[in-house]
Amino acid sequence: MIAKYSAGEVLENLAKLHGMLHPDGRVNYAALAQRTNIPTPTVSRIHRGSKKWALRGPTIQKLIDAFGITYEQAMGFEPVGKANRNRKLAPTAPESNMLRKCRMLDVSDQEDIAQLVEFKLSIKTGLVVA
């Protein structure tokens, strides 16, 4: 089977679908690296198409885990489509640590934190009614 999309195109499409672009439209390597736990220089090399930095097993698995895509999509055999945008993303290491700490709090404190997070998200998405 021959890939329809290069590794760089796969990364770029994932970045576009998940809002990981700089304001000027360039791929935000740091955001991709944080989400996938792939080093930023490696993300950059893969995106630029360096032959030495083609997708390999561990990198493919990190993309699959971080974005909820299939192996075929990660390898470029199938397009990364909008259907993946609604899939739950795996938490980053700092997010996992924060969740672990929150679970140790009293339920009332957890609920207060959840309300603050929801409020912050509503501000970010513009859904706040003043």
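Identify all residues within segment 9-31 that are hydrophobic (A, V, I, L, M, F, W, C), closer than 16 Å to GLY49 by Cα and assigned to a helix (DSSP H, G or I); write none if there are none.
VAL10, LEU11, LEU14, ALA15
Could you please give the count of residues in segment 60-74 that are buried (at least 16 other Cβ atoms within 10 Å of the Cβ) and either part of a loop (DSSP other than H, G, I, E, B) or touching a residue at least 12 places away in the same chain (Cβ under 8 Å) (or both)?
Matching residues across segment 60-74 total 9.
For segment 1-32, which residues satisfy the criterion of being among the aliphatic types (A, V, I, L, M), surrounded by fewer than 18 Cβ atoms within 10 Å (Cβ to Cβ) and either at pLDDT 90 or above or out of contact with any helix residue (DSSP H, G or I) (no Cβ under 8 Å at 6 or more places or on another chain) (or both)?
Scanning segment 1-32 gives MET1, ILE2, ALA3, ALA30, ALA31.
The values are calculated or read from the model by the stated rules, or taken from the named source; none is laboratory data. None of the values given here were measured: they were computed from a predicted structure. Virtual Cβ from ideal backbone geometry, glycine too; neighbours counted across all protein chains shown.
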